[in-house]
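The values are calculated or read from the model by the stated rules, or taken from the named source; none is laboratory data. As the structure is a computational prediction, the values presented were derived from the model and not from experiment. Cβ sites come from the backbone with ideal geometry, for glycine too, and all protein chains shown count toward neighbours. What goes into the accessible areas is simple: the full protein's heavy atoms, side chains included, and nothing from ligands, DNA or RNA. Shrake-Rupley method; radii C 1.70, N 1.55, O 1.52, S 1.80 Å.
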Amino acid sequence: LNEGVDPVVHDLLFLTVLHDATLLRCLKVRYMKDIIYTNIGAIVVALNPFNFKIPWYMDDKMKDYLSEGEVIQNNLPHSWAVAHNTYY
């Protein structure tokens, strides 16, 4: 069922199989795990979770992103990271 899908991949460009079904399946698996942001290169895809209480996307986590310095790449994908990386 998860063949060709690695839900740990935060950037869809790193999938081993690039096909629309694989991309959609990866997004679905991540969404079901409350990982609503996914990178496609420098672009972030955001899926509406209809939930404002996802722990790793709360405002108090912003310091974790900013502590990385000029380029954010070690945290989960987020619109904060895209805005920060674009600015720097």
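Here are the numbers:
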quantity: Helix axis angle, 20-32 relative to the chain longest principal axis, alpha carbon, degrees; calculated: 50
quantity: Dipole magnitude of the chain, debye to nearest 20 (Cβ charges: Lys/Arg +1, Asp/Glu -1, about Cα centre); calculated: 260
quantity: At 0.692 mPa s and 37 °C, Stokes D of the chain from Kirkwood alpha-carbon radius, µm² per second; calculated: 240
quantity: Percent accessible area from carbon and sulfur atoms, the range 11-88, protein chains only, probe 1.4 Å; calculated: 61
quantity: The chain, helix-only ellipticity at 222 nm - DSSP H runs n ≥ 4, -39,500 (n - 2.57), divided by all residues, nearest 500; calculated: -8500 deg cm²/dmol
quantity: Rel. contact order, % - alpha carbon contacts under 8 angstrom, at least six apart, the chain; calculated: 23
quantity: Most mobile listed residue (Asn51, Asn74, Asn39) in the chain, GNM with C-alpha springs under 10 Å; calculated: Asn51
quantity: Average accessible area per residue (Å²) across the chain - probe 1.4 Å, nucleic acids and ligands excluded; calculated: 70
